[in-house]
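Following: one structure in structure tokens, then a few remarks.
The values are calculated or read from the model by the stated rules, or taken from the named source; none is laboratory data. None of these values were measured; they are calculated from a predicted model. So basically every Cβ, Gly included, is an ideal-geometry build from the backbone, and we count neighbours across all protein chains shown.
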Amino acid sequence: MSQSLKNKTAFLTIDDSPSSAFISKMNYLKDKNIPAVFFCIGNLMEKYPDEIVQAIHKGFVIANHSYAHPSFSKISVEECKEEISKTDKIIEELYQRAEVKRPAKWFRFPYGDKGDKKNGRVFSRWKRADKSRKSEIQKHLAQLGYTQPDFTEVNYKFMSQAGLYDDIDWSWTFDIMEWALSEKKPTLGLKNMDKIFKRMEQGRPSDCRGFLGFEKRWMSSDSAEVILLHDHEETNEAFFQIIDKLSTMRLDFEDI
Ligand SMILES: [Zn+2]
């Protein structure tokens, strides 16, 4: 078997949970034996606490994705800290209610916006980035005990060039971009599921958040992947189709 035909290691992360279809999505993943980390929004967890407890019991990891999903660059640093702390408490209580030890404290910024005024250009250097705002928020994450796992198998240069391995919060390496689905105003031409699938099949798909360097990516690279998918009401149906599609690809989904 040639190198390029080997399966890649993949970690599935699902943002903006829980939706009204959270339980069926979670059960679907469980049936397919695909582990996942759910980056949850605080005010939605307050709406569906029992569902989160069920997910914990099924072995999924519940992680922090802020309380109300603001752009962190557009609010004060104090408000950023409050978004993180308030959601941290909610998750802590839900793990206690589930009587399961919280495995780790993980955080992902809404829109990948680290509060540094980089305008969501996650995978780029941004000369005007506000480093002091960024470091204050990172410090707060550290104080609360947040960490980024050691993703040794994720070895993309563009990630290190953008400084993403040094931060405490989680980024991702491949965004399914189903959030961009739109007939009228498609981002990168993603106007239907067919286009989403075509992009998933590409060796080096383009990304709206910028990219550094010209290394091989996604299915043409050997690096492990942190895949980003969303738990949105608008794409409830698409979610299952995307999981089916991912299951047919050269990917081995692993626990972190
Ligand atoms: Zn989000």
Just to check your reading of the model, which residue among K6, K74 is more than 16 Å from the ligand (Cβ to nearest atom), exposed (fewer than 15 other Cβ atoms within 10 Å of the Cβ) and charged (D, E, K, R)? K6
Return the residues of the range 9-23 that are in contact with a helix residue (DSSP H, G or I) (Cβ under 7 Å, 6 or more places away or on another chain) and either away from the ligand (no atom under 16 Å from the Cβ) or assigned to a helix (DSSP H, G or I) (or both); say none if nothing qualifies. S20, A21, F22, I23
Take S124 and tell me if it is at pLDDT 95 or above and among the hydroxyl-bearing types (S, T, Y). no
Which listed residue is away from the ligand (no atom under 16 Å from the Cβ) and modelled with pLDDT of 90 or more, from I168, I84: I168
What single numbered condition from (1) small (G, A, S); (2) more than 16 Å from the ligand (Cβ to nearest atom); (3) closer than 23 Å to R121 by Cβ; (4) in contact (Cβ under 8 Å) with a residue 12 or more places away in the chain fails to hold for G189? (4)
Considering the range 53-82 alone, what residues qualify as being touching a residue at least 40 places away in the same chain (Cβ under 8 Å) and assigned to a helix (DSSP H, G or I)? V53, I56, H57, F72, S73, V77, C80, K81
Considering each of M26, M45 in turn, give the residue that is of a type outside the set (S, T, N, Q), within 16 Å of the ligand (Cβ to nearest atom) and either exposed (fewer than 15 other Cβ atoms within 10 Å of the Cβ) or part of a helix (DSSP H, G or I) (or both). M45
Is it the case that Y111 is buried (at least 22 other Cβ atoms within 10 Å of the Cβ), in contact with a Gly (Cβ under 9 Å, 6 or more places away or on another chain) and touching a residue at least 24 places away in the same chain (Cβ under 8 Å)? no
Among the residues of the range 115-154, the number that are of a type in the set (A, V, I, L, M, F, W, C), more than 25 Å from D88 (Cα to Cα) and within 20 Å of the chain's Cα centre (by Cα) is 2
Quick check on the range 88-107. Is at least one of its residues part of a helix (DSSP H, G or I), within 16 Å of the ligand (Cβ to nearest atom) and touching a His at 6+ places or on another chain (Cβ under 8 Å)? no
Looking across the range 116-168 at residues that are among the polar types (S, T, N, Q) and without any contact (Cβ under 8 Å) to a residue 40 or more places away in the chain, the single one that is surrounded by the fewest Cβ atoms within 10 Å (Cβ to Cβ) is T152
If you go through the range 231-248 one residue at a time, do you hit one that is polar (S, T, N, Q) and surrounded by 15 or more Cβ atoms within 10 Å (Cβ to Cβ)? yes
So, in the range 52-71, of the ones that are more than 15 Å from the chain's Cα centre (by Cα) and within 18 Å of P103 (Cα to Cα), which residue ends up farthest from the ligand (Cβ to nearest atom)? H57
